[in-house]
1. Go through (1) in contact (Cβ under 8 Å) with a residue 40 or more places away in the chain; (2) more than 14 Å from Tyr93 (Cα to Cα); (3) not acidic (Asp, Glu) one by one and return the number of the condition Ala37 breaks.
2. Given the criteria surrounded by 15 or more Cβ atoms within 10 Å (Cβ to Cβ) and in contact with a Pro (Cβ under 7 Å, 6 or more places away or on another chain), does Ile48 qualify?
3. Being free of Cβ contacts under 8 Å to residues at least 12 places away in the same chain and not in a loop (DSSP other than H, G, I, E, B) is the filter; apply it to segment 13-34 and report the residue that is farthest from the chain's Cα centre (by Cα).
4. Can you tell me which residue in segment 35-57 is nearest to Glu83 (Cα to Cα), limited to those that are small (Gly, Ala, Ser) and assigned to a helix (DSSP H, G or I)?
5. Quick check on my filter: what residues within segment 42-99 are touching a Phe, Trp or Tyr at 6+ places or on another chain (Cβ under 6 Å), among the hydrophobic types (A, V, I, L, M, F, W, C) and over 19 Å from His11 (Cβ atoms)?
6. Going by the structure shown, is Gln68 outside any loop (DSSP other than H, G, I, E, B) and either modelled with pLDDT of 80 or more or farther than 16 Å from Leu26 by Cβ (or both)?
Amino acid sequence: MTGAGKTVWLHGLVSQLLKAETVERLVLVDLKKFEFAPRYGGHAKVTICNAIEDVPAAFEELDELMAQRETIMLEKNWRSWKEGRVFVVVDEYARIQQFGAEKRPAKPRMRFYEDGPAGTARPVATQRD
């Protein structure tokens, strides 16, 4: 639904996350290329994916981070991650699905979707109906 305030809500969310001391990193997926980069490009905590080809590499990096953190958690006998958190925010998730199978990159494992204890959060995504 156009005009429902999804992007405005995401900007509010991102602004609050950037202010939070417990947030280590934000991965922002913006295939429209104009929503996040003008406001958050260059921010030390922010990684912006503006191209469909960038998305799998960013998600694979998060999977690797999860594996590293899980190892640390086991060594320290932690039940949950006690340091900085990572969030993924996707504006217009449906745009990822619009690409044909021949253009869409292979789906990453995206293990971080399944497990939050290692300090990564499930992605927040919006799309039009």
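1. (1)
2. Values: surrounded by 15 or more Cβ atoms within 10 Å (Cβ to Cβ): yes; in contact with a Pro (Cβ under 7 Å, 6 or more places away or on another chain): no.
So Ile48 does not fit the description; no.
3. Only one residue fits best here, namely Lys19.
4. This residue is Ala57.
5. Correct list: Ile52, Leu62, Met66.
6. Considered against the rule, which asks whether it is outside any loop (DSSP other than H, G, I, E, B) and either modelled with pLDDT of 80 or more or farther than 16 Å from Leu26 by Cβ (or both), Gln68 comes out as yes.
Yes or no, residue by residue, for (1) touching a strand residue (DSSP E or B) at 6+ places or on another chain (Cβ under 8 Å); (2) under 23 Å from Leu18 (Cα atoms):
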{"position": "Arg39", "(1), (2)": "no, yes"}
{"position": "Val46", "(1), (2)": "yes, yes"}
{"position": "Ile52", "(1), (2)": "no, no"}
{"position": "Glu61", "(1), (2)": "no, yes"}
{"position": "Ala67", "(1), (2)": "no, no"}
{"position": "Ile72", "(1), (2)": "no, no"}
{"position": "Asn77", "(1), (2)": "no, no"}
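The values are calculated or read from the model by the stated rules, or taken from the named source; none is laboratory data. Note that the coordinates shown come from a computational prediction; the quantities given were computed from them, not determined experimentally. We place every Cβ from the backbone using ideal geometry, glycine too, and count neighbours over all the protein chains shown.
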